[in-house]
1. In the range 57-67, which residue that is surrounded by fewer than 17 Cβ atoms within 10 Å (Cβ to Cβ) and under 12 Å from the mean Cα position of the chain (by Cα) is farthest from residue 153 (Cα to Cα)?
2. Given the condition at pLDDT below 95, crowded, with 16+ Cβ neighbours inside 10 Å and within 19 Å of residue 63 (Cα to Cα), answer yes or no: does some residue in the range 142-153 qualify?
3. So in the range 101-129, with the set limited to residues that are assigned to a loop (DSSP other than H, G, I, E, B) and either out of contact with any strand residue (DSSP E or B) (no Cβ under 8 Å at 6 or more places or on another chain) or at pLDDT 95 or above (or both), which one is nearest to residue 69 (Cα to Cα)?
4. Exactly one of these conditions fails for residue 48: (1) at pLDDT 90 or above; (2) in contact with a strand residue (DSSP E or B) (Cβ under 7 Å, 6 or more places away or on another chain). Give me its number.
5. Output yes when any residue across the range 80-96 is touching a strand residue (DSSP E or B) at 6+ places or on another chain (Cβ under 7 Å), at pLDDT 95 or above, in a strand (DSSP E or B) and within 27 Å of residue 164 (Cβ to Cβ), and no when none is.
6. May I ask you to list pairs of residues, at least six apart or on different chains, whose Cβ atoms are under 6 Å apart, with the first in the range 129-147 being more than 18 Å from residue 108 (Cα to Cα) and the second being modelled with pLDDT under 95 and surrounded by fewer than 17 Cβ atoms within 10 Å (Cβ to Cβ)?
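The values are calculated or read from the model by the stated rules, or taken from the named source; none is laboratory data. Not measured: the values here are computed from a predicted model. No Cβ is skipped: glycine too gets one built from the backbone with ideal geometry, and neighbour counts run over all protein chains shown.
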């Protein structure tokens, strides 16, 4: 019985994520003029510059990042971890699907509480697939009693850099030379 409820819950969550309206790209960082989207900032000579948010290969988001901007490199990941009481029917769902040209949902799973009582943890992993900024909006509610309604209860802005990784400085090891003494 418990397994069938979990399966039913997963189907509901998957369906909710698939039926959420699609969000829009807020800006296009790293794209050229004439792309149809506003530039993040224009530097000298009209060239587009990177967003002011530092980017990382992997970003971790929790309740403390609510409403903040999180920077990630293209092809990087953003992991969102939030508490949830799925045993009571409460779960997180996307209020709207982020623009798929910037960010896509790679995985979603739930870890029940160790004691079996109380709140567990939902983990959502997003893959950065293209430059730009999107508002990721999640809604928390009881899926057994009501549908998706009201304002999102958690959101953050994902700022994806057009670079796939940070520039790394190469460090060359110095060769040591031993001089033989007679």
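1. Ranking the qualifying residues of the range 57-67, first place goes to 57.
2. Start the filter on the range 142-153 by keeping residues that are at pLDDT below 95, which leaves 142-153.
Now narrow it down to the ones that are crowded, with 16+ Cβ neighbours inside 10 Å: 143, 148, 152.
From what is left, the residues that are within 19 Å of residue 63 (Cα to Cα) are 152.
Yes - at least one qualifying residue is present in the range 142-153.
3. 102
4. Result: residue 48 passes all but (1).
5. Yes, the conditions are met somewhere in the range 80-96.
6. Listed pairs, sorted by first residue: 144/89.
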